[in-house]
1. Select from region 144-164 the residues that are of a type outside the set (S, T, N, Q) and not in a strand (DSSP E or B) and write down the one among them that is farthest from residue 98 (Cα to Cα).
2. Have a look at 167, 116, 174 and point out the one that is outside any helix (DSSP H, G or I), in contact (Cβ under 8 Å) with a residue 24 or more places away in the chain, under 21 Å from residue 27 (Cα atoms) and not polar (S, T, N, Q).
3. Select from region 122-155 the residues that are in contact with a Lys or Arg (Cβ under 7 Å, 6 or more places away or on another chain) and β-branched (Val, Ile, Thr) and write down the one among them that is farthest from residue 105 (Cα to Cα).
4. Kindly evaluate residue 158 against the criterion of being exposed (fewer than 13 other Cβ atoms within 10 Å of the Cβ) and either more than 30 Å from residue 44 (Cβ to Cβ) or among the hydroxyl-bearing types (Ser, Thr, Tyr) (or both).
5. For residue 141, work out the one condition from (1) farther than 20 Å from residue 198 by Cα; (2) exposed (fewer than 14 other Cβ atoms within 10 Å of the Cβ); (3) modelled with pLDDT under 95 it doesn't fulfil.
6. Looking at region 86-107, which of its residues are loosely packed, with under 13 Cβ neighbours inside 10 Å and either touching a residue at least 40 places away in the same chain (Cβ under 8 Å) or under 21 Å from residue 55 (Cβ atoms) (or both)?
7. Can you tell me which residues in region 47-66 are farther than 30 Å from residue 98 by Cα, in contact (Cβ under 8 Å) with a residue 40 or more places away in the chain and part of a strand (DSSP E or B)?
8. Taking the conditions exactly as written (hydrophobic (A, V, I, L, M, F, W, C) and either in contact with a His (Cβ under 8 Å, 6 or more places away or on another chain) or not in a strand (DSSP E or B) (or both)), does residue 122 satisfy them or not?
Amino acid sequence: MKKNNLIALMTVLVLTPAMFAWTRANHVASILPGSRLWVSGTSTVRNFECKATAVDASIESTTPELAKDVMSGQKSVATVVVKLAPKKIDCANSTMNEHMLKALKAESNPVIEFRLNSYDVARTTTATKGKLSGTLSLGGVQKNITLDATATNGANGALHVVGDYQLAMTDYRLTPPALMMGTMKVGNKVTVKFDLLIK
């Protein structure tokens, strides 16, 4: 191989990874204060609601103007990973918190995680509707799920995303909590709801 050809080949091999990394570079977005994630359910005594006091989210987009692009119907979200520690869920009742942690197998599975795999968007006159497909890891079990979300313009250029997902605890090999010697039993189906500001 001629010397010039060898130099050209070496240059391509050296620069290609850097060029590829540059074209794939993503912009990091954050969940803003005021965002909420909570779980609502039923029991034989009353309905209940447990709120997440802290949520760890990793969100990357292919553009610095995430809200603008999503609201125009563009698929500019690159990755989403949401993590929640069961110990950061508060049911406003210490006894119920204790039973909830036991039901979620929190000691052996200290993190609940949702990882986005793919999604579709559809623009309406006032919002962008999204169908999100991903993997939910809960209580040591992983399942592929699909959920609906709606995005609208939030304050100060943020993206306001709301949605919910109903799950059956037994699908994740979890036993719904029972309190007061079984006189109060939590229903098997609970609904996870989120109201997020992202920027």
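1. Filtering first and then ranking leaves 157.
2. Details: 167 fails: under 21 Å from residue 27 (Cα atoms); 174 fails: under 21 Å from residue 27 (Cα atoms).
Result of the check over 167, 116, 174: 116.
3. Initially, region 122-155 is screened for residues in contact with a Lys or Arg (Cβ under 7 Å, 6 or more places away or on another chain), giving 122, 134-136, 139-141, 146, 148, 150.
Now narrow it down to the ones that are β-branched (Val, Ile, Thr): 135, 141, 146, 150.
Working: 135: 18, 141: 11, 146: 24, 150: 31 Å.
Among them, the one singled out is 150.
4. Numbers: exposed (fewer than 13 other Cβ atoms within 10 Å of the Cβ): no; either more than 30 Å from residue 44 (Cβ to Cβ) or among the hydroxyl-bearing types (Ser, Thr, Tyr) (or both): yes.
In short, no.
5. (3)
6. We begin by selecting, within region 86-107, every residue loosely packed, with under 13 Cβ neighbours inside 10 Å; these are 92, 94-95, 107.
Matches in region 86-107: 92, 95, 107.
7. Of everything in region 47-66, just one residue is farther than 30 Å from residue 98 by Cα, in contact (Cβ under 8 Å) with a residue 40 or more places away in the chain and part of a strand (DSSP E or B), namely 59.
8. On the way: hydrophobic (A, V, I, L, M, F, W, C): yes; either in contact with a His (Cβ under 8 Å, 6 or more places away or on another chain) or not in a strand (DSSP E or B) (or both): no.
So residue 122 fails the test.
The values are calculated or read from the model by the stated rules, or taken from the named source; none is laboratory data. The structure presented is a predicted model; accordingly, all values stated were derived computationally and were not measured. Using ideal geometry, Cβ is built from the backbone for each residue, glycine included, and neighbour counts are taken over all protein chains shown.
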